[in-house]
Amino acid sequence: MPKVKICGIREPKHAIFASKLKVDYLGFVFVENVRRQLTQDVGSDLIQKYRESMISSYSSLVGLFANQSLKFVNDTVHKCKLDMVQLCGSEPPEYWDLVDVPVIKQIRIKKEKNTENSRLKIVEQICQISDRNCIPILDHQEEGHLGGTGNSFDWSIIEGLSLKYDFILAGGLKSNNVNLAIEKINPWGLDVSSGVEVNGIKDENKILEFVNKTHKNN
C-alpha cells in the first residue's frame, strides 16, 4: 500500500482528522511567499495543538522549505518538533546532510520533447537522492512555482521506475485519478494538497475520499 502524505495543512483539526485516518505524513509549508506558508510561530502553535489532541500520532510531521538558510530549517525542526524536512529548492547534497532530521528531496519534472532524455535525468536524480538516504519526491515543474500547482506531469515518463526505485509521486493527484496513478506508476508514496481542498482550504470529505480510494485499491 502506498504511503500517503497530506500536504499544506494550516489548521490543527485537519491534521488531527488526517492522522486518525492513518495518513503516513502531514506536511506543513514554511516556504516563503507561498499561499500555504506558515511562520515558525504559527507552525509551532498548530503542531502543539495537534500533539495535545492526539494520544499517539500515527503520522510523521514534515516541514517544507525552499532555498532557506540551514539555520532556519534546523531551528524550525526543533521549535516545531518536526520529524522530517522536505526540500523544494535547489539545495545541494552537502546541505541535505546537515539537516537534523531525515530529508525528502523534490525532483521537479518539466515538459520535454525528448522523454527518454528526461527519464534518464530523473533516474540519475533519484539515485543521487537515494544514495544520501533521502526520499525522492517527483513533482510537476511550472515556471515561477516551487510545487503545489495542482498540476501533474506526464506520468508515462516514469512508468516502470517503481520496480527499481522508491519515490513519492506528487502533482495533480486527487480522488478521481489516484487509482490510475497507483495502477500506472505504483509509487512508494503519494502526496496530495490541492486535490483535497475546496476554495484553497482543506476539506475533510475530500481527504477521506482520497485516503479511502488509496486504501481500497490495495
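The values are calculated or read from the model by the stated rules, or taken from the named source; none is laboratory data. Not measured: the values here are computed from a predicted model. Neighbour counts are summed over all protein chains in view; Cβ atoms, including those assigned to glycine, are modelled from backbone coordinates with ideal geometry.
Observations, loosely collected:
- Any hit, the range 135-142, residues being part of a loop (DSSP other than H, G, I, E, B) and either closer than 22 Å to V77 by Cβ or modelled with pLDDT under 95 (or both): yes
- Residue that is surrounded by the most Cβ atoms within 10 Å (Cβ to Cβ), among those in the range 153-184 that are closer than 15 Å to K5 by Cβ and among the aliphatic types (A, V, I, L, M): A170
- Complete set of residues in the range 176-215 that are within 20 Å of I16 (Cα to Cα), more than 16 Å from the chain's Cα centre (by Cα) and in a loop (DSSP other than H, G, I, E, B): G200, D203
- Looking at the range 1-84, the strands (runs of 3 or more DSSP E) lying wholly inside it that each contain 1 or more residues that are touching an Asp or Glu at 6+ places or on another chain (Cβ under 7 Å) sit at 3-6, 60-65.
- Residues that are over 18 Å from Y165 (Cβ atoms) and either surrounded by 13 or more Cβ atoms within 10 Å (Cβ to Cβ) or among the small types (G, A, S) (or both) within the range 185-204 comprise V192, S193, S194, G195, V196, E197, G200, K202, D203, E204, listed in sequence order.
- Residue among V62, V42, V23, V34 that alone is within 19 Å of K202 (Cβ to Cβ), surrounded by fewer than 16 Cβ atoms within 10 Å (Cβ to Cβ), out of contact with any Cys (no Cβ under 6 Å at 6 or more places or on another chain) and not small (G, A, S): V42
- Looking only at the range 62-83, and only at residues there that are charged (D, E, K, R) and touching a Ser or Thr at 6+ places or on another chain (Cβ under 7 Å), the one that is nearest to S19 (Cα to Cα): D83
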